[in-house]
Amino acid sequence: MKRAALYVIAGPVGIAAYGLVRLWGRSDGVYGPGLDWQAAHLVGLAGMVFFVPAVLALSRLLPRSPWRNGVVALTLVGLAATMVQFGADIVEGLLAADRAEMSALGADFKDIPGVEVVFYDVVPQLFFLGLVVLAGMLAARRRLPWWGVPLLLTGTLLPVVTLDLLPIGGLCMLVALAPALPALRRQGERVEPPVAVQ
C-alpha cells in the first residue's frame, strides 16, 4: 500500500484508538494524570499528525484551484490548533500530581487571552469542517461515493454528543475515506516518462 493511503487510514485509526484508550482509562473511575491519560493523548496526537499528509494526499486527487487550496489551508490550521490542545493536555498531565492540579493547570492555560478560542472552542473545528468540505469536493469529482460525506459528518459530530463515541466516530471517518484509497495508490504509482536523450 502506498504511503499516502496509509496516512488516510492511520488518521482515523488514531482517533478511534484515542477513544478506546480513553474508555479504558476511565473504566476504573480515575482518568488522569497518569499512564492512561498520557497514552490516550499520545495516540490521539499521532492521529492528528497523520491527518496532515492524509489531507494533502486527498487534496491532490482534486484539480488545483484557489478554492481547494483555501479548504486545505483552513483544515491544516484547524489540525495545528488541535495538536497544540493535545500537547497542552500531555504537558499538564506530566506536571500535575493529581486531577485537581491538572484541571488548575488547564484553567491557567485557557486564561491566557485568546487561547481558549484559538486552541479549544473555534479554530480546532476548522479541521473537521475542512475535512467534510474536502470530502464533498471529492464526492463531486466521484473520488468518493456520495454517502461518504454524511458518514464523515456523522463521525465528526458523534464526539460532540459525548467523547465516549470517539471510537465509533473514528470508524465512521475511516469507512467514509476508504473509497479514496485505490485512487491514492494509483496516484502513487504514476511515474514521469523518461527524458529522451538528444
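With respect to THR156, is the statement that it is surrounded by 15 or more Cβ atoms within 10 Å (Cβ to Cβ) and among the polar types (S, T, N, Q) true? Working first, answer last.
Details: surrounded by 15 or more Cβ atoms within 10 Å (Cβ to Cβ): yes; among the polar types (S, T, N, Q): yes.
In short, yes.
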- If you check VAL72 against the conditions, is it part of a helix (DSSP H, G or I), buried (at least 17 other Cβ atoms within 10 Å of the Cβ), modelled with pLDDT of 95 or more and under 17 Å from the mean Cα position of the chain (by Cα)? yes
- Query: Does ASP36 satisfy being at pLDDT below 95, of a type outside the set (A, V, I, L, M) and part of a loop (DSSP other than H, G, I, E, B)?
  - Reply: no
- Note on the structure: Counted residues in region 120-145 being outside any helix (DSSP H, G or I) and either closer than 23 Å to GLY70 by Cβ or at pLDDT below 95 (or both) come to 7
- Counted residues, region 102-131 - those being surrounded by fewer than 20 Cβ atoms within 10 Å (Cβ to Cβ) and within 17 Å of LEU58 (Cβ to Cβ): 1
- Message: So if I check each of VAL49, VAL8, VAL71, VAL43, which one is within 15 Å of VAL133 (Cα to Cα) and of a type outside the set (D, E, K, R)?
- Response: VAL71
- Message: Please go through (1) small (Gly, Ala, Ser); (2) surrounded by fewer than 17 Cβ atoms within 10 Å (Cβ to Cβ); (3) touching a residue at least 40 places away in the same chain (Cβ under 8 Å); (4) in a helix (DSSP H, G or I) for GLY47 and return the number of the only condition it doesn't satisfy.
- Response: (2)
- Of (1) more than 20 Å from ILE15 (Cα to Cα); (2) crowded, with 18+ Cβ neighbours inside 10 Å, GLN85 satisfies all except one. Which? (1)
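The values are calculated or read from the model by the stated rules, or taken from the named source; none is laboratory data. What you see is a predicted model; the values in this text were computed from it and never measured. With ideal geometry, Cβ positions are generated from the backbone for all residues, glycine too; neighbour counts draw on all protein chains shown.
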